[in-house]
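Notes follow once the structure below has been shown.
The values are calculated or read from the model by the stated rules, or taken from the named source; none is laboratory data. This one's a predicted model, so the numbers in the text were calculated from it and none came from an experiment. Glycine gets a Cβ as well: all are built from the backbone with ideal geometry, and neighbour counts include every protein chain shown.
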Amino acid sequence: MTSPSAETPRAHHASRHNVLFACGAVGATLLASIALGHDGRRIAQLAVLAMPMVLWLAWPLRSARMQRVRTVLVWLWAMAFAFDGAVRAYLLDTYQAAPDGAMVLGAAANTNARESTEYLQMHWRSAVIWSGALVIAGVLVGMFARRGAVRDAAVSSSSVRARPAFWTRSLVLALLLIACVAYASKPWRRLHPAIFWTHWSQSVQTQRAAWADQQQVRDRAMAQARAIAPVITQAGPSTVVLVITDSINRDNMALYGYGRPTTPRLLAHKAQAGEQMAVLKNAWSVDASTLPALRNMFHFGLPESENPPHLLALARAAGYKVWWISNHDDLAIEQQHARFADVVDMLNRTPGRASASLDGEILDCVQEAFADTGTDRKLIVVHLMGAHPHYSLRFPENANPFDDNIDAVENGLVKDGRSAWVRRFRQEYDAALLYHDFVVSELLQQTRSAGKPEEYRAWMYLSDHGQEVGHGSDRAGHSPATASGYRIPAVVWRNREPLPNGAAQQQPFRADWTAWTLMDLLKIRWDGQKPERNVLGDAYRWEAPKIPVAVESFSR
Ligand SMILES: [Zn+2]
């Protein structure tokens, strides 16, 4: 048994080595955590911000209580940096995004508890990996933070106590000075996890508050639309249906040549409808997530500085009655788009219905809109969940015919080295597409059989963005960094006037120009018309969009 008073200078020397080792271990863990989520100069900046607490470990403390307090504070301090590193690494790995980027901020502000649960069900693997890194950092720091320098009463009171060497003291002093400079500089200080994440959560709150009531913004847009005075150029009743779905990659639709029979009903419609139905073969979204995609879709793909009108405001100003029937429970979309409609049905909000989130729930509601006799001009917008993650929630139980046969698709995925869980996600995704085929075909069937046969009707279907499910990489989910995130279906049906056929259907189409095409389907004339952006017109001229991935060719 050893007591502190019995400590020899030699033992004291050894304990100083221990302290240095503890500082080194805590410092190295911190540095590794920082390097996970940052790069370049940022690593050095954060290391300097993290340093003071590591140096504190080298400061000899006498009271056992202070030593415990120090251990806890150093641990919390280090974990703040580790948490910061792990979250950033996860976002970088999954979305190539920073936490304060518009995409992540928007998603965080717009997420409710149900969505978060679904999200975790889908992404728990990466969450486990990065949480694992966090646990390891916690254990390492916990082990070494308690080994900080201790001042022992007997030794310190005697002249035997060795003072740290001159160069050690100078080094510590210099390091502390650099840390002072770091904390004095605002842009530098703001990188500190505690400050950064406090600021981050304030930004999320601000975003939410801004969305909470956009009535004034909508009123202004309506006034703008009335001033534009759009007119309907076609006599007689008209019904136009816009079906916006979520996370559908056209590569998984048999309608687009996929190897699994995921769209038997749409194919039947295609065979039956002939030239009344155009499948736009090379359709692209220019955004990989819902909010920016819808903003572009309804604002004519124009940047905000050009003060573009809202499609629904123009339609109403021209005399359409507008319905918004949605299976999404989404505050931002409701405020930015849905509330422009005369009738808003957000079905996903109805509590107590077990299957409330299956898209088929909206069909009755849409039928009611068709049956409405109060108006001759109808624009019915239907917003579906499509195959939004988690895929297994997007089709009824026991409705996955792809889960146990080894087909060409499965073999192809194996050949490409896709992991078992990505292959299973693909099966679920395809099952979601099969159910989606049923819902979309029903919507088309309702449109085709609505009203009197000679009445004008049009129907357009497209996805907000694509989805990566083992197409180009071994992962599943929204994908801003691969082309799969942008490959969407787009289909148009109308019972009058020919649609693009043959070669014209091969022309690429971009979803942010959807409103230009819809104005044609709605038969609305206005002074902002750009015929070169209407994919259905002869004057259509394709321009490649700027998206954050390299696309070899937009024509395939
Ligand atoms: Zn989406």
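Within segment 189-219, can you find the residues that are assigned to a helix (DSSP H, G or I) and polar (S, T, N, Q)?
Hits for segment 189-219 are THR198, SER201, GLN202, SER203, GLN205, THR206, GLN207, GLN215, GLN216.
Out of all the residues in segment 475-490, is one or more aliphatic (A, V, I, L, M), in the same structural domain as TRP513 (by TED's automatic domain parsing) and closer than 17 Å to ILE362 by Cβ?
no
Determine the pairs where a residue that is basic (Lys, Arg), located within segment 188-213, has a partner that is assigned to a helix (DSSP H, G or I) with Cβ atoms under 6 Å apart, the partner being 6 or more residues away or on another chain.
Short answer, once both residue conditions are applied: ARG189/TYR183; ARG208/ALA109.
For ASP246, are the conditions met, namely being of a type outside the set (A, V, I, L, M), in the same structural domain as LEU433 (by TED's automatic domain parsing), modelled with pLDDT of 95 or more and within 15 Å of the ligand (Cβ to nearest atom)?
Yes.
Based on this model, can you work out whether ILE488 counts as of a type in the set (Val, Ile, Thr) and at pLDDT 95 or above?
Details: of a type in the set (Val, Ile, Thr): yes; at pLDDT 95 or above: yes.
Taking the combined requirement at face value, the residue satisfies it.
Each row is one residue, and each column tells you yes or no for (1) hydrophobic (A, V, I, L, M, F, W, C); (2) more than 31 Å from the chain's Cα centre (by Cα); (3) assigned to a strand (DSSP E or B).
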residue: TRP459; (1), (2), (3): yes, no, yes
residue: HIS465; (1), (2), (3): no, no, no
residue: HIS471; (1), (2), (3): no, no, no
residue: PRO498; (1), (2), (3): no, yes, no
residue: ALA503; (1), (2), (3): yes, yes, no
residue: THR514; (1), (2), (3): no, no, no
residue: MET519; (1), (2), (3): yes, no, no
residue: PRO545; (1), (2), (3): no, no, no
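Going residue by residue through segment 495-510, is there one that turns out to be under 16 Å from ILE248 (Cα atoms) and either modelled with pLDDT of 95 or more or crowded, with 23+ Cβ neighbours inside 10 Å (or both)? Full working, then the answer.
Restricting attention to segment 495-510, the residues satisfying the condition of being under 16 Å from ILE248 (Cα atoms) are 509-510.
This time we only want the ones that are either modelled with pLDDT of 95 or more or crowded, with 23+ Cβ neighbours inside 10 Å (or both), so: 509-510.
Yes.
For segment 307-325, how many residues are under 25 Å from the mean Cα position of the chain (by Cα) and at pLDDT below 95?
The number of residues fulfilling the criteria is 1.
Conditions: (1) assigned to a loop (DSSP other than H, G, I, E, B); (2) within 15 Å of the ligand (Cβ to nearest atom); (3) at pLDDT below 95. GLY386 meets all but one. Number of the miss?
Condition not satisfied by GLY386: (3).
Scan SER463, SER392 and give me the residue that is crowded, with 17+ Cβ neighbours inside 10 Å, closer than 19 Å to ALA476 by Cβ and at pLDDT below 95.
Step by step, each of SER463, SER392 is checked, and only SER392 is crowded, with 17+ Cβ neighbours inside 10 Å, closer than 19 Å to ALA476 by Cβ and at pLDDT below 95.
Conditions tested, residue by residue: (1) at pLDDT below 95; (2) within 16 Å of the ligand (Cβ to nearest atom); (3) at positive phi; (4) crowded, with 16+ Cβ neighbours inside 10 Å.
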residue	(1), (2), (3), (4)
PHE340	no, no, no, yes
ASN348	yes, yes, no, yes
PRO351	yes, no, no, no
SER355	yes, no, no, no
GLU361	yes, no, no, yes
VAL366	no, no, no, yes
ALA369	no, no, no, yes
THR375	yes, no, no, no
LYS378	no, no, no, yes
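Quick one: what pairs do we get from segment 234-254, first residue closer than 13 Å to TYR429 by Cβ, second outside any helix (DSSP H, G or I) and away from the ligand (no atom under 16 Å from the Cβ), C-beta under 8 Å, 6+ apart or different chains?
ASN249/HIS471; ASP251/TYR258; ASP251/HIS471; ASN252/TYR258; ASN252/ARG260; ASN252/THR262; MET253/THR262; MET253/THR263
Take the residues in segment 223-258 that are in a loop (DSSP other than H, G, I, E, B) and touching an Asp or Glu at 6+ places or on another chain (Cβ under 7 Å); name whichever of them is surrounded by the most Cβ atoms within 10 Å (Cβ to Cβ).
Checked segment 223-258; the qualifying residue surrounded by the most Cβ atoms within 10 Å (Cβ to Cβ) is ASP246.
Residues in segment 517-535 that are more than 23 Å from GLY236 (Cβ to Cβ) and crowded, with 20+ Cβ neighbours inside 10 Å: how many?
2
Could you please give the count of residues in segment 307-338 that are out of contact with any strand residue (DSSP E or B) (no Cβ under 6 Å at 6 or more places or on another chain), within 16 Å of the ligand (Cβ to nearest atom) and either within 22 Å of LYS523 (Cβ to Cβ) or in contact (Cβ under 8 Å) with a residue 40 or more places away in the chain (or both)?
So the first thing to find is which residues in segment 307-338 are out of contact with any strand residue (DSSP E or B) (no Cβ under 6 Å at 6 or more places or on another chain), and the list is 307-311, 313-314, 317, 327, 329-337.
Now drop any that are not within 16 Å of the ligand (Cβ to nearest atom), which leaves 327, 329-334, 336-337.
Still in the list and also either within 22 Å of LYS523 (Cβ to Cβ) or in contact (Cβ under 8 Å) with a residue 40 or more places away in the chain (or both): 327, 329-333, 336-337.
Here the count works out to 8.
Is it the case that some residue within segment 443-456 is under 28 Å from GLU118 (Cβ atoms), not in a strand (DSSP E or B) and not aliphatic (A, V, I, L, M)?
no
Can you name the residue in segment 264-306 that is more than 30 Å from the chain's Cα centre (by Cα) and free of Cβ contacts under 8 Å to residues at least 12 places away in the same chain and is also farthest from the ligand (Cβ to nearest atom) among such residues?
That would be GLY274.
Between residues in segment 435-464 that are at positive phi and residues that are outside any strand (DSSP E or B) and more than 16 Å from the ligand (Cβ to nearest atom), which pairs lie under 9 Å by C-beta distance while being six or more apart or on different chains?
Listed by first residue and then by second, the contacts come to GLY451/PRO237; GLY451/PHE370.
Conditions tested, residue by residue: (1) away from the ligand (no atom under 16 Å from the Cβ); (2) of a type outside the set (S, T, N, Q); (3) touching a strand residue (DSSP E or B) at 6+ places or on another chain (Cβ under 8 Å).
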{"position": "LYS452", "(1), (2), (3)": "yes, yes, no"}
{"position": "LEU462", "(1), (2), (3)": "no, yes, yes"}
{"position": "GLY466", "(1), (2), (3)": "no, yes, yes"}
{"position": "ALA476", "(1), (2), (3)": "no, yes, yes"}
{"position": "PRO480", "(1), (2), (3)": "no, yes, no"}
{"position": "ALA490", "(1), (2), (3)": "no, yes, yes"}
{"position": "TRP513", "(1), (2), (3)": "yes, yes, no"}
{"position": "ALA539", "(1), (2), (3)": "yes, yes, no"}
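If I go through segment 43-82 residue by residue, how many of them are under 28 Å from LYS186 (Cα atoms) and either of a type in the set (Gly, Ala, Ser) or exposed (fewer than 14 other Cβ atoms within 10 Å of the Cβ) (or both)?
11
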